[in-house]
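In what follows, a single structure is set out as structure tokens and then discussed.
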Amino acid sequence: MTKVKRWIGLLSLLICVLIGIWIVQDNPLEVPVTLLGFPLVQLPLGIWLLAAFLGGSMLSYIAGLPSTLRKTAQVRRLERQLGLAAAEIKKSGSNNSGN
């Protein structure tokens, strides 16, 4: 299953790169961009579109990271509790069968 996930991830990355190249090719017009009052380098519109998309993706990933980390910690805690409970059940089961 891991190999399938890896291939799907690589295929998705390849498709994204190809779409990115396509966007840059279809939008070659260089445009001036001002960010917070500061003029930036003139680049093709396609590159600015890709930069905006990547920036938004990174911001959404960073914004969701605390929730993901909290849920991962909760899962680990619950798995540890489950392991302790299973060990206790196994221990009590072996004590009862010995009587």
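Points worth noting:
- Considering helices alone, the calculated mean residue ellipticity of the chain at 222 nm is -29000 deg cm²/dmol, with DSSP H runs of length four and up weighted by -39500 (n - 2.57) and normalised per residue.
- Angle in degrees between helix 45-97 and the longest Cα principal axis of the chain, rounded to the nearest 10: 0
- For the pair Trp22 and Tyr61, the difference between a 0.36 nm per residue extended length and the Cα-Cα distance amounts to 11.6 nm.
- Near Trp48: Cβ cut-off under 15 Å, other residues only, Lys/Arg at +1 and Asp/Glu at -1. The net charge is -2.
- Take every pair of alpha-carbon atoms less than 8 Å apart whose residues are at least six positions apart; their mean separation over the length of the chain yields a relative contact order of 15 percent.
- With Cα atoms, 0 to 90° folded angle of helix 2-26 axis to the chain main axis: 10
- Look at Lys71, Lys3 and count the other Cβ atoms within 10 Å of each Cβ; fewest to most, that gives Lys3, Lys71.
- Globularity index of the chain, i.e. its alpha-carbon radius of gyration over 2.2 N^0.38 Å: 2.04
- Among Val33, Val41, a tally of other beta-carbon atoms within 10 Å of each Cβ gives an order, fewest to most, of Val41, Val33.
- Debye, to nearest 20: dipole size of the chain, +1 on Lys, Arg Cβ, -1 on Asp, Glu Cβ: 840
- Residue order, fewest to most surrounding Cβ atoms within 10 angstrom, among Ile89, Ile47: Ile89, Ile47
- Candidates Val24, Gly46, Ala85 compared by Cα position along the dipole of the chain: farthest toward the positive end lies Ala85, with charges placed on Cβ.
Here, each number is a calculation from the coordinates, and none is a lab measurement. What you are looking at is a predicted structure, and each value in this text was computed from that prediction instead of being measured. In this analysis, Cβ positions are derived from the backbone assuming ideal geometry, glycine residues included, and neighbour counts consider all displayed protein chains.
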